[in-house]
Each structure stands twice: as C-alpha cells, then as structure tokens.
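Please read the structure below before turning to the comments.
Rule-based calculations on the coordinates, nothing more; no lab input. Because the structure is a prediction, the values reported are computed rather than measured. Heads up, the Cβs are rebuilt from the backbone with ideal geometry, glycines too, and the neighbour counts pull from every protein chain shown.
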Amino acid sequence: MEPIDINKVQTELERFLNKDVYVHLETTNGAYASHFDEKAYNVGAFIRNAKVNYNHAKIVGSGNAFRVGLKLDLGWVYAEGVSQYEVDEKNRLLMAGHDREGRLMVALEISETPFKN
Amino acid sequence: MEKHVVLIYPHPDDEAFGASGTIAKFRNEGVPVTYLCGTLGEMGRNMGNPTFANRETLPEIRKKELIDACNVLDVDLHMLGYRDKTLEFESRQEIAEHLKGILEEIKPSLVITHHPEQAVHPDHNALGAAAVEAVRLIDESERPKLWVQAISQNHVEVLGDPDIVLDITPFFKTKMDTILAHRSQAQGVLGSMDKEKVDMEEIAKHRLGTERFYTWNF
Ligand SMILES: [Zn+2]
C-alpha cells in the first residue's frame, strides 16, 4: 500500500460508480485491547461482501486522515481514518488506516467480484 | 513418554507464543507432534511493521508463516479451515465432532488447547471449548490426557496455580525462531506485551521463559 493521493483515489472510487460492487468495511482495536489495558474497550465491526451500488463517491481529508463516503440509493457507506491505498492485481481498491505499530485500525475495500470468504 | 501430542489452537502464532518451548521439548524426546490450526488469522491487525501485508494478502502470508513455523518446530500441520473471529458463532458440537474425527485417527496420548473461559480471545475460548468437548466424546478407555492453557490476567485467581509448569529456557532459541517465523505478527505482538522494552528477544525471555498448563479433569 502507499500513502493516499486524493486525486488518484477519487478517480478509483469513480471507476465503480453505478455498478454492483462488493464492499469489505472494517474497524477494530483488536481482541486484546482490554487485556493489555484494563481501561480500554474492545470494539470492532466488519462486514464482508456487502453488495452495494453507489451513485456518488467522495474522499475528503489530508495527511494521514481521510474520510470516504459512498452514497447509496438508500443510505451510505462511510469510513474514517484511511491513509493508505492500493489497487491490487484483481483491480480491487483497498484502503486502510494503521496505527504507529502498523496495526490495522480501519479498512474499506471495493471490488467488482466477491472477496474470498 | 508421550506417544503423540496434538496441539489445537485457532491462530497461526498461538503455538509460537504459547507452546513452542513445550513442543520443542517433546520433539527433542522424539515424540511426534501434530498442530491442528483453526484459522489463518485472516482478521489479524498486525500487517508487519513497517506494513507489508493488507487485509486481502494477509491469509496467504500467514499461511506461509505458519508452514515455516511448523518446519522450525518439525511438527505435522493440519489446517482446519475456519475463519478468524467467527469460531464462537459456529456450532460447537460440529467443531467438536470435526476435531474428534481427527483425534480418533491420530490417537494422541496428550492434547493441548486453550482454556475454554480464560484464554482472552473469543476464538481461543471457543476452539478450546470445542476441543475439550471433542476429547470428552472419546471413549474413556481411549481418551488422551488434556492440558489447557489460560492467558487471562486473572486466571490464577480464578483457577489457582497451573499444575504443569515447564521451564523452556533450554529450547528458547527454537521458541524465538518459531515466533520470528511469524514475520507479520512477531513485532506487533511482542511490542504490545511490553511497551518499555524494544528488544524482542529481551521481551520474549522475560515474558515467555516458562509455559504453563492446567490438567483438565473430566
Ligand atoms: Zn490467538
């Protein structure tokens, strides 16, 4: 992955406009958060292979804090804190944000074919 | 001497941090060891530091690391094919039957797994519970011994002191090599164990010089 270039990612997001696409959306602070720090809370959510069709998409932000919004007929897909991206060999758009130690905190991925289950 | 030891843990690297000294000790005695690894750690947070994996490449990377680690330990590997973070939602009975089928083929004298309630990660507890059930389902005349590993901060308060405490310092190099075979995970995991220290080997020796288990009584 490489640091997000806002113009390039905007173009990539628009590549999937008005198509049925599969989304992986995830946020996590890990299963060990409250194990290593009793004051911490374990929080996480993921949805894998949600099939959506968005008609508008935008990436906003700067530095290492970008937000992405995908507008659906009946709602939104939203991710905050992505800072790196990659278009992989399957032409999927992968975006993620990591902490200082390289641990994933948030991921938003878009593909025209389902992600491996 | 044990006849055959089977290790049942959900994630690639659980064997390294939890039991690689014990495994090395058994292998040194010539005891065959088989690792039944539940998932590929697909949902792990550690992507290497600096990051070299992403959510989609992580499973294959961790699979390779797992194979490398099992080569370091010289153990047979059997991947069970479940998905990281989902074990607690699967039918415990189905997983137990799956494990029982494998155990009946291997006929181990000892099974090692996580404690069903004191192993912190939901996957650890869930697979531990299924493994305990699998061993329970085996006819008493054939039933292997069972050791369970507890890793919660307060497990000694809840369970008392573990009865199996192995000093694994003679096998520490193998343990370290096994941990380091999990290249995408080693630094992140060791780093979160001890934020004061930077040297991975120092952290590991301080934290991982003994391996402890509780004998499970049915
Ligand atoms: Zn684990």
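Looking at the protein assembly as shown alone, DSSP beta bridges between its own residues are antiparallel in about 75 percent of cases.
Between rounded, prolate and oblate, where does the range B:1-96 land on the alpha carbon gyration tensor, with a ≥ b ≥ c its root eigenvalues, rounded for a/c under 1.5, else prolate if a/b exceeds b/c?
Judged from the Cα gyration tensor, the range B:1-96 comes out oblate (a/c at least 1.5, b/c at or above a/b).
Taking a threshold of 27 Å on the Cα-Cα distance, which of the pairs A:58/B:85; B:63/B:175; A:39/B:175; A:39/B:145 fall above it? Exceeds cut-off: A:58/B:85; A:39/B:175; A:39/B:145. Peptide B:58-66 is shielded by partner chain Cβ atoms: per residue, an average of 0 of them sit within 10 Å of its Cβ. Shown here for the range B:29-107: chymotrypsin sites (Phe, Trp or Tyr not before Pro) in loop regions (DSSP other than H, G, I, E, B) with at most 14 other Cβ atoms within 10 Å, namely B:52. Inter-chain neighbour count for A:20-27: the average number of beta-carbon atoms from partner chains within 10 Å of each residue's beta-carbon is 1. Modelled this way, with points 7 Å down the Cα-to-C-beta line, the labels at residue B:143 and residue B:207 are 3.5 nm from one another. A straight Cα-to-Cα reach below 19 Å connects residue A:116 with the aspartates and glutamates A:20, A:26, A:86, A:88, A:89, B:42, B:56, B:60, B:84, B:90, residues fewer than 8 places away in its own chain not being considered. Inter-chain Cβ neighbour count for B:113-122, averaged per residue, equals 1 (cutoff 10 Å, partner chain atoms only). Averaged over residues, the count of other Cβ atoms within 10 Å places the peptides A:7-13, B:137-143, A:73-79 in the sequence A:7-13, A:73-79, B:137-143, highest first. Note: relative contact order over chain B, using C-alpha pairs below 8 Å and six or more positions apart, is 27 percent. For the range B:5-215, the spread of Cα coordinates along the three principal axes comes to 50, 37, 35 Å, biggest extent given first.
Remark: the range A:2-111 carries a charge dipole of roughly 300 debye about the Cα centre, counting +1 on each Lys and Arg Cβ and -1 on each Asp and Glu Cβ. Taking the charge dipole of the protein assembly as shown about its Cα centre, with +1 at Lys and Arg Cβ atoms and -1 at Asp and Glu Cβ atoms, the residue from B:190, A:84, A:41 reaching farthest to the positive side is A:84.
Measuring against 24 Å, Cα to Cα, the residue pairs A:8/A:90; B:3/B:100; A:51/B:64 contain A:51/B:64 as the ones spanning a longer distance. Counting 0.36 nm for each residue step from residue A:36 to residue A:53 and taking away their Cα separation leaves a gain of 2.1 nm.
Per residue, the average separation of C-alpha pairs within less than 8 Å and at least 6 apart gives chain A a relative contact order of 29 percent. Each label was represented as a point 7 Å from its Cα along the Cα-to-Cβ direction; for residue B:153 and residue B:89 these points are 2.8 nm apart. Taking label positions 7 Å along the Cα-Cβ direction at both residue A:20 and residue B:105, the computed distance is 3.8 nm, reported to one decimal. With contributions of -39500 (n - 2.57) from each DSSP H run of at least four residues, the per-residue ellipticity at 222 nm computed over chain B stands at -13500 deg cm²/dmol.
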